[in-house]
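In what follows, a single structure is set out as structure tokens and then discussed.
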Amino acid sequence: MNILTAHRAQTDYPIFDVLAERWSTRIFDEHHELADTALNTALEAARWAPSANNTQPWHVLVGKRGTSTHQTIFESLLGFNQEWAGDAAALVVFLAKVQDDTGQELRWALYDTGQAAAYFTIQAQAEDLATHQMGGFRKKHLMTAFGLTPSLVPVSVVAVGNHGDPETKSEDLQKRENQTRTRRGLSEIVLRYE
């Protein structure tokens, strides 16, 4: 059984393979060099995410492993995320521009940026890349390190690269990687359907 089959979601209704086979790995191949073509294809998918009034409020910081940008993003990660995310071939920060140039609030910026990150993640999966989105990072560290204005808010950090070999990682990481994927049932999340 290959790694994608082992983690494939057991859905109640059929969904696209690229969705069923996506999961948030914590085990990346620390030797994998990410091709710019695959990374740019995932970024292109993010570019085409929908947004309120076509504001496209998202921006990204891309740090490929071995660069100062990757190191700075890595240093912003909290606790357990630092134990595994450094092996990813790239760390991508999704940022939301929460105000326009006149200071007007862009009310849907965080939601829209989340959609861009989701588009990125699904396209990366289609490119045979693994991803893991993280909220465990220090926003202020990133804002200071990259000289970001208060209107540009870090929303998530996405680790991206190839799947690694679980046998080379700690027992804790192996245990987390092998956990059964679960989701609440549709009856628990759909409040009304008529």
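The values are calculated or read from the model by the stated rules, or taken from the named source; none is laboratory data. Please read all numbers here as calculations on a predicted model, not as lab measurements. Every residue, glycine as well, gets a Cβ built from its backbone with ideal geometry; the counts of neighbours run over all protein chains shown.
Summary table
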quantity: Yes/no for THR121 being of a type in the set (S, T, N, Q) and under 11 Å from the mean Cα position of the chain (by Cα); calculated: yes
quantity: Any hit, the range 151-160, residues being surrounded by fewer than 18 Cβ atoms within 10 Å (Cβ to Cβ) and without any contact (Cβ under 8 Å) to a residue 40 or more places away in the chain; calculated: no
quantity: Check on VAL98, among the hydrophobic types (A, V, I, L, M, F, W, C) and closer than 30 Å to HIS31 by Cβ; calculated: no
quantity: Which listed residue is surrounded by 13 or more Cβ atoms within 10 Å (Cβ to Cβ) and touching a residue at least 40 places away in the same chain (Cβ under 8 Å), from PRO50, PRO57; calculated: PRO57
quantity: Residues located in the range 17-37, provided they are assigned to a strand (DSSP E or B) and closer than 16 Å to ASP165 by Cβ; calculated: PHE28
quantity: Residue ID - surrounded by the fewest Cβ atoms within 10 Å (Cβ to Cβ), chosen from residues in the range 83-142 that are among the basic types (Lys, Arg) and in a helix (DSSP H, G or I); calculated: LYS140
quantity: Criterion violated by TYR13 - all others in (1) aromatic (Phe, Trp, Tyr); (2) surrounded by fewer than 14 Cβ atoms within 10 Å (Cβ to Cβ); (3) over 27 Å from SER187 (Cα atoms) satisfied; calculated: (3)
quantity: Enumeration of residues in the range 161-194 that are assigned to a helix (DSSP H, G or I) and either touching a Pro at 6+ places or on another chain (Cβ under 8 Å) or surrounded by 14 or more Cβ atoms within 10 Å (Cβ to Cβ) (or both); calculated: PRO166, LEU173, GLN174, ARG176, GLU177
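Here's the yes/no breakdown for (1) out of contact with any helix residue (DSSP H, G or I) (no Cβ under 7 Å at 6 or more places or on another chain); (2) modelled with pLDDT under 95; (3) within 26 Å of SER51 (Cβ to Cβ); (4) hydroxyl-bearing (Ser, Thr, Tyr):
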| position | (1), (2), (3), (4) |
| --- | --- |
| VAL98 | no, no, yes, no |
| GLY103 | yes, yes, yes, no |
| ALA126 | no, no, yes, no |
| THR144 | yes, no, no, yes |
| SER151 | yes, no, yes, yes |
| SER170 | yes, yes, no, yes |
